[in-house]
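Below is one structure; the comments refer to it alone.
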Amino acid sequence: MRKIILCLVLLLCGCTTSVNYDDVHQRKNPNTNMLPALYTKVSAPNLRAAFTDTEADGISRDERGIIVDNAISLFEREAEEKITVYEGERKGYISFKIPYVSMEHSNVLRITSMATLNLINFLGFPHDKITQTMEVEIEIMDKKRSVIKRYTEVVESSAYNAFYWGYRRKDINRKISADNVKKALSLISARIDKDAPLIIPQLEKGKASKAKKTKAIKVIRVKG
């Protein structure tokens, strides 16, 4: 009897929604005003550190690694496909940071599940609702790494841990983290699109100054 119950529990645990391709990939929709080609700048230790305080919320070291890899992939795709042109001389840098992450759980769902000895969960009642708040920061820098523009967005995403229709506990963190990164990047990308006419001249400034200096030297030589 115990073996039957154990098999049933394992079967039900597998009857959940999985993280799919669209969950960890951003749809391509290029900006109207694309920036010149830029180097992408990411600090993996910085991203991992943002999730250190979430260990108490069930995010293991391995899960943090997957979440960080997804975040970097989303950022690089966003920068290279939607914000900057792919080819040409690199005029500066675009950096990606996650300064802050926090997690909240639903005490109501947790207490209700425990009060019914989790029997209600077999009917589809969720074990928990996890809400993640994330701050994302993007910086546009010139070749000297002087910051031209800094953007920050605070976003929030939620997902349910439930049989049949919800996510498994280990997949929730990956799902909501990817959702938050996509939300923030989409908002920041739209802001960069509006500011592009002001950003582009500052990225081109270094090259223009160099050309002007060269021309002046040639004039001096002709006079001599």
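The values are calculated or read from the model by the stated rules, or taken from the named source; none is laboratory data. Since the structure is predicted, the reported quantities are computational estimates derived from the model, not experimental observations. No Cβ is skipped: glycine too gets one built from the backbone with ideal geometry, and neighbour counts run over all protein chains shown.
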Checklist entry - Quick one: which of ILE83, ILE130, ILE120 is within 30 Å of MET34 (Cβ to Cβ) and surrounded by 14 or more Cβ atoms within 10 Å (Cβ to Cβ)? => result ILE83
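Given the criteria surrounded by fewer than 17 Cβ atoms within 10 Å (Cβ to Cβ) and assigned to a helix (DSSP H, G or I), does LYS170 qualify?
Spelling it out, LYS170 is indeed surrounded by fewer than 17 Cβ atoms within 10 Å (Cβ to Cβ) and assigned to a helix (DSSP H, G or I).
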Checklist outcome for this item: Of the conditions (1) over 19 Å from LYS182 (Cβ atoms); (2) touching a residue at least 60 places away in the same chain (Cβ under 8 Å); (3) crowded, with 16+ Cβ neighbours inside 10 Å, the single one that ASN33 does not satisfy is (3)
Next on the checklist: Kindly evaluate SER95 against the criterion of being part of a strand (DSSP E or B), among the polar types (S, T, N, Q) and either modelled with pLDDT under 75 or buried (at least 18 other Cβ atoms within 10 Å of the Cβ) (or both).
Outcome noted: yes
Checklist entry - Which ones in the range 150-167 are crowded, with 16+ Cβ neighbours inside 10 Å and charged (D, E, K, R)? => result GLU153
Checklist entry - Only one of ILE98, ILE111, ILE66 is more than 20 Å from ILE176 (Cβ to Cβ) and of a type in the set (A, V, I, L, M); which? => result ILE111
Checklist entry - Out of the residues in the range 38-68 that are of a type in the set (A, V, I, L, M, F, W, C) and touching a Phe, Trp or Tyr at 6+ places or on another chain (Cβ under 7 Å), which is modelled with the lowest pLDDT? => result ILE59
Checklist entry - Mind checking which residues of the range 133-147 are in contact with a Gly (Cβ under 9 Å, 6 or more places away or on another chain) and either over 26 Å from GLU78 (Cα atoms) or surrounded by 19 or more Cβ atoms within 10 Å (Cβ to Cβ) (or both)? => result ILE140, MET141
Next on the checklist: So for the range 150-168 (the condition being of a type in the set (Ser, Thr, Tyr) and at positive phi), does at least one residue qualify?
Outcome noted: yes
Next on the checklist: Among the residues of the range 121-132, are any polar (S, T, N, Q), at negative phi and under 18 Å from the mean Cα position of the chain (by Cα)?
Outcome noted: yes
Checklist entry - Does SER177 satisfy the condition of being buried (at least 17 other Cβ atoms within 10 Å of the Cβ), at negative phi, small (Gly, Ala, Ser) and not in a strand (DSSP E or B)? => result yes
Next on the checklist: Could you tell me how many of the residues in the range 67-92 are among the small types (Gly, Ala, Ser) and part of a helix (DSSP H, G or I)?
Outcome noted: 3
Item to check | Members of the range 151-208 that are among the acidic types (Asp, Glu), under 14 Å from THR84 (Cα atoms) and modelled with pLDDT of 95 or more | outcome: ASP193, ASP195
Checklist entry - Just one of LEU74, LEU109, LEU119, LEU47 is touching a residue at least 60 places away in the same chain (Cβ under 8 Å) and among the aliphatic types (A, V, I, L, M); which is it? => result LEU74
